[in-house]
Amino acid sequence: MKTNGNVKAVILAAGKGTRMKSEKPKVLHEIFNKPLVSWVLSACEDAGSLENIVVVGHKGEMVSEFISKNHPKSVCVEQKEQLGTGHAVSMAKEALKDFDGLVLILNGDIPLITSDSIQKFLEFHKTNNSDVTIMSAVFDNPFGYGRIVRDEKNNVKEIVEQKDCNDLQGKIQEINTGTYCLNWQKVKRFFDELKNNNSQNEYYVTDIIAWANENSFKTAAYVLENADESFGINSRAQLAEAFRIMNLRHLNKLMDEGVTIVSPENTQISPETEIGEDTIVFPNTFINGKNIIGKNCKIGPFAHLRGNCTIEDFVKIGNFVELKKSYVKSHTNISHLSYVGDAKVGSNVNIGAGTITANYNSITKEKKETIINDGVSIGSNTVLVAPVELGEKAFIAAGSVITKDVGANALGLTRCPQKEIKNYVK
């Protein structure tokens, strides 16, 4: 359920990500073929914040191009110099000039954040009549994170960065996740009064807590239920760890919903994939992107779904089968060693081993569609050269290369006559 109210998000995505050792901006590194910043934006959108502002910097044109194509209701603003998080947010002031509502501030490298947590965060902010709310988390090892400093009444007093902590503050386990909720019209002048009195000479958005207290605004901290959601990516090792956490979280959800995952440690399924109950997913299956898989299906082992696939009930996608941008109706078998892409496959179809839909023209860069109607039987080692349509209950002989439509109940065959040359080997 989406939150009610006028909400926009400012996503901080200007950093270079030096430790990634990459020519690509950090926020464009991917989990399940989806960039980090896109996971954050999707969580905000699902929580009800559709018109978001992304602050870009290092190779910002690449980030902006991705945002415009994939999140068209979001806009990008540039931070030419990276002078701290507070300075980054101030780049969004012009875009928020006339906005009267709640502003979320999030880092663009926290792909594990969920819309559910964002909704709870916003509701906490409203229920507490807060002007500035920070999302915190409790870590056993808080090293490297800014600490939440509370007063004797448990109110949030300030946030102190790791490099500025004294010995006592360094022992605090409640940390700043870098996510905030602001009553924008009330506190926006903070970003005109930023100071850089710290060891890094940077403008910290964390200073807003102390500033709000000094100016008699109400502050609060919402403790994140699952601290993993605050996990930020700064290295390839952390990228792999975030992938592991995201994958396991979704596998557990699917199993709770009645899906059998035979070997969770050897299965990867995108959180954007829905699977119906009593479906079995066998080991070494990799499912990317958005897919809908029905009930009582069998997927794998060693199956690869690349995204944009819909699979109805009682379908078998077997070992070493690759599927991409295809619709497969119920009671169909694609059992082994086949590639089906850009295809519509009917019900009660049997696709033999080694069948390929040749859907891509490498010269024109075009992809064409293959249509396989109900009841079709395709023999092993067949190539269907798109665009092509097979009529209902058509039969395609093994080893055929089909380049023209085949009618209903017809046999499609493209073999040369078999020859035998006696004593050839001698």
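Data overview
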| read-out | value |
| --- | --- |
| Considering only the stretch 255-385, percent of DSSP beta bridges that pair antiparallel, nearest 5 | 5 |
| Built amide H within the under 5 Å cut-off of residue 410, gap 5+ | 394, 395 |
| Amide proton proximity set for residue 273, modelled H, under 5 Å, gap of 5+ | 291 |
| Of 167, 313, 100, the one that fluctuates the most in a GNM where the chain has Cα springs shorter than 10 Å | 167 |
| Along the chain, longest interval not containing exposed chymotrypsin sites (Phe, Trp or Tyr not before Pro), exposed being DSSP loop plus at most 10 other Cβ atoms within 10 Å | 144-423 |
| The stretch 262-419: relative contact order in percent, alpha carbon pairs under 8 Å with at least 6 residues between | 12 |
| In the stretch 74-153, the GluC sites (Glu not before Pro) that fall in loop regions by DSSP, at most 11 other Cβ within 10 Å | 81, 94, 152 |
| Value of Rg to Rh for the stretch 213-341 (Rh from inverse mean 1/r over Cα pairs, i.e. Kirkwood) | 1.16 |
| Lysine pair number, Cα distance threshold 25 Å (strictly under), the stretch 149-255, separation 8 or more or different chains | 14 |
| Value of relative contact order over the chain, rounded to a whole percent, pairs C-alpha under 8 Å and six or more apart | 9 |
| Residue-averaged 222 nm ellipticity for the chain, from DSSP H runs of 4+ at -39500 (n - 2.57), nearest 500 | -5000 deg cm²/dmol |
| Folded to 0 to 90 degrees: helix 36-46 orientation relative to the chain principal axis, Cα | 80 |
| Under Karplus coefficients 6.51, -1.76 and 1.60, residue-wise ³J(HN,Hα) of the stretch 184-196 in Hz, glycine/proline x | 4, 4, 6, 10, 5, 5, 3, 6, 8, 10, 4, 10, 10 |
| Residues with amide H under 5 Å from that of residue 79, placed H, sequence gap 5 or more | 56, 57 |
| Lys/Arg +1, Asp/Glu -1 at C-beta; the chain dipole; positive extreme among 279, 308, 413 | 413 |
| The stretch 268-352 - percent relative contact order, Cα under 8 Å, separation 6 or more | 20 |
| Highest-MSF residue in the chain out of 247, 166, 381 [GNM, Cα springs under 10 Å] | 166 |
| ³J(HN,Hα), Karplus 6.51/-1.76/1.60, whole Hz, each residue of the stretch 79-96, x for Gly, Pro | 10, 5, 10, 8, 10, x, 5, x, 4, 4, 5, 4, 5, 8, 4, 5, 5, 9 |
| Length gained when the stretch residue 70-residue 16 is fully extended (0.36 nm per residue, less Cα-Cα span) | 17.3 nm |
| Only Lys, Arg (+1) and Asp, Glu (-1) charged, at Cβ; the chain dipole about Cα centre in debye | 1500 |
| Residue among 182, 411, 251 with the largest mean-square fluctuation in a Gaussian network model of the chain, springs linking Cα atoms under 10 Å | 411 |
| Estimated Rh, the stretch 1-93: Kirkwood, alpha-carbon pairs, angstrom | 13.5 |
| Overall form of the stretch 296-426 per C-alpha gyration tensor (a/c, 1.5; a/b vs b/c) | prolate |
| Residue-by-residue Karplus 3J(HN,Hα) for the stretch 262-268, coefficients 6.51, -1.76, 1.60, Hz, glycine and proline x | 4, 9, x, 6, 10, 9, 10 |
| Per residue, in Å², the accessible surface of the chain once ligands and nucleic acids are set aside, probe 1.4 Å | 49 |
| Exceeding the 28 Å Cα-Cα cut-off - candidates 73/316; 290/365; 24/126; 24/324 | 73/316; 24/126 |
| Overall form of the chain per C-alpha gyration tensor (a/c, 1.5; a/b vs b/c) | prolate |
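The values are calculated or read from the model by the stated rules, or taken from the named source; none is laboratory data. Keep in mind it's a predicted model, so treat the numbers as computed, not measured. All Cβ positions, even for glycine, are placed from backbone atoms using ideal geometry, and neighbour counts span all protein chains on display. The protein model used for the area step is the full one, side chains on, heavy atoms only, and it has no ligands, DNA or RNA in it. Shrake-Rupley method; radii C 1.70, N 1.55, O 1.52, S 1.80 Å.
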